[in-house]
Structure formats: C-alpha cells, structure tokens
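Notes for the one structure printed next.
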Amino acid sequence: MDKNTLWKSVLGELELTISKPNFTTWFKGTYIISYEGDRVVIGVPNTFTKAWLEKKFRKVIYDIFQKITQNNVRVIEYKVETRRQGENKPVQHHGTEQQHQTYPAQNMADMGSPAMPHSQPISPLTERRTNAPTAHASDIPKELDAFQLNSKYIFDSYIVGKCNELANAAAKAVAQNPGTTYNPLFIYGDVGLGKTHLLQAVGNHIRMERPNTRILYVSCEKFTNDFIRAIATKNLNNFKKMYRTVDVLLMDDVQFLAGKESTQEEFFHTFNELHQNNRQLVVTSDRPPKAIPALESRLLSRFEWGMIADISTLDLETRLAIVTSKCHSKGMSLTPECIDYISRTIHNNVRELEGALNRIHAYTQLHSTDLSLEDIKSVLSTIGTVQKRDAVSVPVILRTISEYFNITEEELLGKSREKRLVYPRQLSMYLLREEMRSSYPSIGKELGGRDHTTAMHACQKIEKLSKENEAITNDINLIKKKLYA
Ligand code: ADP
Ligand code: MG
C-alpha cells in the first residue's frame, strides 16, 4: 500500500471513531511524510497538533495502523511539516503566501491530501504592526478598544479539566500565534461554562504580548445593534472601517446571528475581509455551528474552516479544582469536606458555583467563624438547584442507568455476562466513582457484591474508552443530564 492510500484508510477509520469536530480539527492538513519498514512519519501543520496527537490519539492511531497494515507499522512519529496542494515538497514555515480564496471543502479526499493553505503561518500580527507604526490601539474609538476586556478573565485564572482542555489549549495556541494557528477558532458550550472567560483571555494575552494589536471584543448583540444603527444613521462606512480593520475580532455568542439575515451578511463580509488579511477571529456560541438555526450555509462553512472546540459538562474533578481555587482567591479556607460538598451539590455551571461561593463568603464575613458542613448545607439549601442535587444517590444512579439502557435493576446487578448488561454495569461503576466518589470496595458491593478489583477495572476501562469513543462520552453525558434534570 502506498503512503497516501494508507493514510486515507487510517483517516477513514479514525473518522468513525472520533467526533467530527475532533476529526476535522486534528487531522486536517496531515499526511504521511514517509513509510519505510515498520516506521511511519506523519506530517502535521504545527507543534500544537503534534503534541495533541501524541498525547490524546497515540493509542487510537497506533491501533488503526496495526489493523490496516496487519501489525506491520510499529513506530509512529510526528513531524511539523506541511506541503502545498498537489506538491510533494514540504513548505517552509516562514512563508508569506496569501492563499485564502481557495479553501478546499473539508471532505475525506482533502483530509488525506496536503495541508490546507491556512495551516501555514502567514505574516504574523507582530510583523505587520512594526511595518505599520501609525496603526495603534488608540485608532480604535474608545468604545471599541481593548479596554472592554475584563482583566479578570485571563488564562491564569482559568481552571482546566477534562471538560475544557481542548478549548483551553486551542485558545492558548491562538493567543500565542494570532492569525496563524487556527482561524477562526469556534468555541461552544452551555451557558456559564467559561466561554466568555476564554475569549477574553485570548484578548488579554494578545494585548499583553503585543500591545499595539487592535483587539476588538464584541458581543453578537452589540455587533447587531451597531450595524442597525449604522444603517439608520447612514454611517455604514464608519461601521465597516471599525470592524474590518481590527487585528483580532473576538465575537461572543454568535448564536444570536440566528435568523438575522442582513446582520449575517454583514458579518460574513467582515469575516472574509479579516480572514483574508490573516486577522484572527475567535467566536463563541452556546451550540456548534451546525446547530445554529437559520445560519446561512456560507457562514456555516466559514465557521467550520478553522478549529471547533467544545466545553462539555463539568466533571466533578474540575468542579473541585474550581471551588478550591476560588475559595483560595477569596481568602476563604474551607475544609475538604465542605469543598467536596459544594462541588457535588452545584454541578451545572461555574457561574452557579461562583454564586454559591459568594453567598458562603458573605456568610463567613457576617459570622466570622469557620464554617461547618452544616452551615454550608444551610447556606446552599436556599439555592434552588441544590435540593435536586441532594437527591442523587447510589440508588438513583442505578435506576437512571437501568432506565437509560432499558434493563431491569436486577439484570444490572446480576451475574449474567451478556454484553448488553456488562457495559451498563461498568458504566454504573464509573458513574458511582465519578459522581459519588465512592470507594472501589463500596462500588463493588453496590453492584451486586462484586470484588473491588472488578470495580477498579470497570472504572478504568470506561475512563479510557470514553476518551476514544464518542458514543460512550455521549452515553455518559446523557445519563448525567437525566441524573440532574
Ligand atoms: P459563558 O460565557 O460560557 O456563559 P463565562 O465565561 O461568563 O461563561 O463564565 C461564568 C463565570 O464562571 C465567570 O465568572 C468565569 O470567570 C467563571 N469560569 C468559568 N469557567 C471557569 C474555569 N474553568 N475556571 C475558572 N473560572 C471559570
Ligand atoms: Mg458568555
């Protein structure tokens, strides 16, 4: 098998194993540089992708290679290198080509073929700034300049866990190399999960590193209002000048473009103008591009050009880390028991966690004593979401899983090793561990008196599979939704 055919087969398999955004994000512009003996060298567009493939996809890729080559491939290496369409020669990484008009569609054929043009770094923003000394942040009207960035929203204060590591890594990559790495970067996730925080962190980082960069953070609503006002006051030229000459456009909540035809069109042209000039775009949304209703297909395809990163349901570990960190920054010292209780009780989003901590903080100020677990419980009981969360217990988890898989609880806890029962059983053990922090012996006991090693094995297995298999992640998320609904 020649190397191109081989890579196409590998990508074909990969596409079935991982989610579409993940697939497009990580495998666009990759190809096999060489395939000799048992060694394959894969070309990737940048160091960020290299690190990610090595860290996150090593095993999946290895297994697929093994399968396709009947165990012939044993060594897989990654090298930062891209080549242009139709060429075999690698492209230098300091090029200044401008090739933006011809983005190929992102289908399988393209995935296997040489790098997309926009994966090549082109004229970094810094260079442009030194060439254009007249352009300064102060050129932007006050209301539109970077001072709108909240200095609180920085990478240092953003806690990274399983649920947001992709979005965080992508945002950092963009902040370090605006206009070159991923353009646009599209971040989506439910409300209160830190999209605005990340978006502004990108802006704050760039502002620190490249003070002359013109950064514009704007909510989609403000963009819409500005546009409408510009039409009404016949000031469209000024509007265009403002929005189309920035170096970095950070647009929050683009889902509000839904159904707004002329605003979408204006944004489309803004997007093109900026993108063609290698200006960085980062947008956030509460849903993936495809799920935004009435979004023009040409805009949809623009959003899908770059990188799409999601922030998923908060896992307990991340919640614990967030609570610990926020307590620390408020100068509050709570016992691990209290921190644990808060993190399990408030699970929806970080905004709610912050709200709860603010209440607790106010309470400590008032009473100036160390809070006991009972105090925390009574403070939190005034918050609506809490009662529901308290209801989640071992029996509730087991019942929810039985219902989800349409099996009886007897079957779930029983001895049968039928496939349709084994997976739900392992998932139960995993969720007891994740959501209740139960010990392995007690998990084994709850699941029909099994050994603690069985429980440990099950948890590890699901943990591992969930990283590779989208269907499993999906099951976990849906079950969690049911648990907390
Ligand atoms: P979204 O824009 O997704 O609705 P925000 O970015 O406004 O959410 O986040 C809500 C609040 O939670 C903000 O105060 C933000 O700083 C905080 N927050 C969200 N995610 C994190 C995180 N991972 N680490 C620390 N704080 C976070
Ligand atoms: Mg927001």
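Computed from the coordinates by the stated procedures, all read-outs in this text should not be read as laboratory data. None of the values given here were measured: they were computed from a predicted structure. Quick reminder, even Gly has a Cβ in these numbers, built from the backbone with ideal geometry, and neighbours come from all protein chains shown.
Would you mind computing, in nm to one decimal, how far apart the modelled labels at THR382 and SER151 are, each placed 7 Å from Cα along Cα→Cβ?
3.3
From a point 7 Å beyond the Cα of ASP63 in the direction of its Cβ, which residues of the range 1-23 have a backbone N at a distance under 18 Å?
9-20, 22-23
Would you mind getting me the FRET efficiency between GLU77 and ASN477? Use the beta-carbon distance for r and R0 = 35 Å, nearest 0.05.
Taking R0 as 35 Å, the efficiency between GLU77 and ASN477 is 0.55.
Could the peptides 316-325, 41-50, 260-269 be put in order, highest first, of the mean number of other beta-carbon atoms found within 10 Å of their residues?
My ranking of the peptides, most packed first, is 41-50, 316-325, 260-269.
Would you list the P(r) distribution for the range 397-445, with all Cα-Cα distances sorted into 5 Å bins from 0 and each bin expressed as a whole %?
Percent of pairs per bin, in order: 5, 24, 33, 24, 13, 2.
So how do MET1, MET307, MET332 line up by other beta-carbon neighbours within 10 Å, fewest first?
MET1, MET332, MET307
Determine the distance separating the Cα centre of the range 7-80 from the Cα centre of the range 277-313; give it in Å without decimals.
25
State to the nearest 20 debye the size of the charge dipole of the range 144-234 about its Cα centre, where the only charges are +1 on K and R beta carbons and -1 on D and E beta carbons.
It works out to roughly 200 debye.
Label points 7 Å out from Cα along the Cβ direction at VAL396 and ARG351: separation in nm?
In this crude spin-label approximation the distance works out to 2.3 nm.
What is the Cα convex hull volume of the range 330-456 when expressed per residue in Å³?
Enclosed volume per residue, from the Cα hull, is 118 Å³.
Work out, step by step, the length gained on full extension between GLU13 and GLU221: first 0.36 nm times the residue separation, then minus their alpha carbon distance; give nm to one decimal. Numbers along the way, then the final one.
Numbers: separation 208, 0.36 × 208 = 74.88 nm, distance 4.11 nm.
Gain on stretching GLU13 to GLU221: 70.8 nm.
In nm, what is the difference between 0.36 nm times the number of residues separating GLU470 and ASN237 and their Cα-Cα distance? Each step should come with its number before you reach the end.
Numbers: separation 233, 0.36 × 233 = 83.88 nm, distance 4.64 nm.
Extra length available between GLU470 and ASN237 comes to 79.2 nm.
Evaluate E = 1/(1 + (r/R0)^6) for HIS367 and GLU403, where r is the Cβ-Cβ distance and R0 equals 30 Å; express this FRET efficiency to the nearest 0.05.
My answer for the efficiency is 0.10.
For ASP375 and ALA258, what does the FRET efficiency come to when R0 = 41 Å and r is the distance between their Cβ atoms, rounded to the nearest 0.05? Kindly include the intermediate steps, with their values, before the conclusion.
Numbers: r = 44 Å, r/R0 = 1.08.
So, using R0 = 41 Å, E works out to roughly 0.40.
Taking the Cβ of ILE159 as the centre, find all other residues whose Cβ is under 13 Å away and add up their charges (Lys, Arg: +1; Asp, Glu: -1).
Numbers: positive: LYS162, ARG319, LYS326; negative: ASP156, GLU165, ASP315, GLU317, GLU354.
Net of charged neighbours comes to -2.
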